[in-house]
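Everything below concerns the one structure shown next.
The values are calculated or read from the model by the stated rules, or taken from the named source; none is laboratory data. As the structure is a prediction and not an experimental result, all values here were calculated from the model. All Cβ positions, glycine included, derive from the backbone under ideal geometry; neighbour counts span all protein chains shown. Please note that ligands, DNA and RNA were not included when accessible areas were found on the heavy atoms of the full protein model with its side chains. Shrake-Rupley method; radii C 1.70, N 1.55, O 1.52, S 1.80 Å.
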Amino acid sequence: MRKITVCVALIGLVVSCTNREPDKANNVVSQAVKAHGQGRLANSRVSFTFRDKSYSVSRSEDSYEYTRSFKEDSSWVEDVLINSTDFARTVNGELISVPDTMQVKYTSSVNSVLYFVQLPYLLNDPAVIKSYEGTQKVLGETYDVLKVTFRPSGGGEDFKDEYRYWFHEKTHLLDFLAYNYETDGGGVRFRKAYNRSERGGILFQDYVNYEVPVGTPLQKIPALFEAGKLKELSRIVNTDIQVERL
C-alpha cells in the first residue's frame, strides 16, 4: 500500500514527518482472517460445545443464524437468534413466549459466546469502529494493535465496550485481546490464545481468561501480564468443534 507522508515544519527549523496508512486497520484484519482460514466461515455451519451447552453458527451470503441448546431440569431448551435481532426459544420443541427483558439477556449471552469463536472475522462487521494503534512488544514478540469500539446502531446492548487486539506481526494470528465492559457492575479482562486446532481449514483457539484491575487502560495490560500481575479467572474452552459446508 502507498504510504502518505505528512511533514510539519516546527518553528521553521525542524521538520516532523509521519507516515499515515488510512487502511492499515482493515489490512491487519484481512491478513488475520486469512491466517485463521476464516474466509471459509461464509456458507458454512460451525458447531461446538461450551460449558455443557451446544452452540452453532450458520452463515449464508446475506444472513446468519446462531443457536444454543441445552438440558434444563428435564427439558430440552433451544435458542435461535437470526441476524442477532430475531430471537426465539423452544422447550421440548414447543415455541414459548419470552418477555422482552429476558430476550435481551438471552440474546446477549448467545452473542457473547459466538462473538469470540468468530474472531477476527467479526471485526469486519459494519457496527465495528476500528483504528490501528501501532505496534507493541509482548513477551519479546512484535504485535500490530487494533482498538475497537462499536456504533450504537448494530453494536448490541454492549456497544459502549472497548476492545484491544494484538495480532502477531509475522504470523498475523490473534494472540491476545483485552476489553472492558459495563454490564453486571463492569470489569476488565485480558485473554491469551492457546490450544489452537484446525477444523475444515479454519483455525480455532481457546483462551486463558485473566481478571484485570478495574480502570486499567487496555494498552497497559500486556505489561501487567508480562510481570505476572494478572490473576487467571477461567479457561474459555470449546470442544466437539465441527465444520460443515452449506
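Of all the listed residues (Val46, Val29), the sole one being at pLDDT 95 or above, in a helix (DSSP H, G or I) and open to solvent by less than 20 Å² (accessible area, probe 1.4 Å) is Val29. Filtered by the rule that a residue be open to solvent by 30 Å² or more (accessible area, probe 1.4 Å), in contact (Cβ under 8 Å) with a residue 60 or more places away in the chain and more than 21 Å from Lys147 (Cα to Cα), region 200-237 gives Gly200, Leu203, Val237. How many residues are at pLDDT below 95, of a type in the set (A, V, I, L, M) and under 18 Å from Arg164 (Cα atoms) when one looks only at region 193-246? The total comes to 1. Among all residues of region 83-99, there is at least one that is on the phi > 0 side of the Ramachandran plot and in contact (Cβ under 8 Å) with a residue 40 or more places away in the chain.
Looking across region 181-203 at every residue that is in contact with a helix residue (DSSP H, G or I) (Cβ under 7 Å, 6 or more places away or on another chain) and assigned to a strand (DSSP E or B), the one that is nearest to Glu141 (Cα to Cα) is identified as Phe190. Scanning region 60-77 for residues that are modelled with pLDDT of 95 or more and open to solvent by less than 60 Å² (accessible area, probe 1.4 Å) yields a count of 8. Being of a type in the set (A, V, I, L, M), open to solvent by less than 60 Å² (accessible area, probe 1.4 Å) and within 14 Å of Ser109 (Cβ to Cβ) is the requirement here; does Val80 meet it? Yes; evaluated as a whole, the condition is true for this residue.
In summary, Glu157 fulfils each of the numbered conditions (1) at pLDDT 95 or above; (2) touching a helix residue (DSSP H, G or I) at 6+ places or on another chain (Cβ under 8 Å) with the single exception of condition (1). Please determine whether any residue of region 127-150 is in contact with a Phe, Trp or Tyr (Cβ under 7 Å, 6 or more places away or on another chain) and in a loop (DSSP other than H, G, I, E, B). Yes, region 127-150 has at least one match. Out of region 169-180, which residues are open to solvent by 20 Å² or more (accessible area, probe 1.4 Å) and assigned to a strand (DSSP E or B)? The answer is Asp175, Tyr179, Asn180. Of all the residues in region 174-186, those that are at negative phi and touching a residue at least 24 places away in the same chain (Cβ under 8 Å) number 9. With respect to the conditions (1) part of a strand (DSSP E or B); (2) among the hydrophobic types (A, V, I, L, M, F, W, C); (3) open to solvent by 50 Å² or more (accessible area, probe 1.4 Å), Phe87 falls short on a single one, namely (3).
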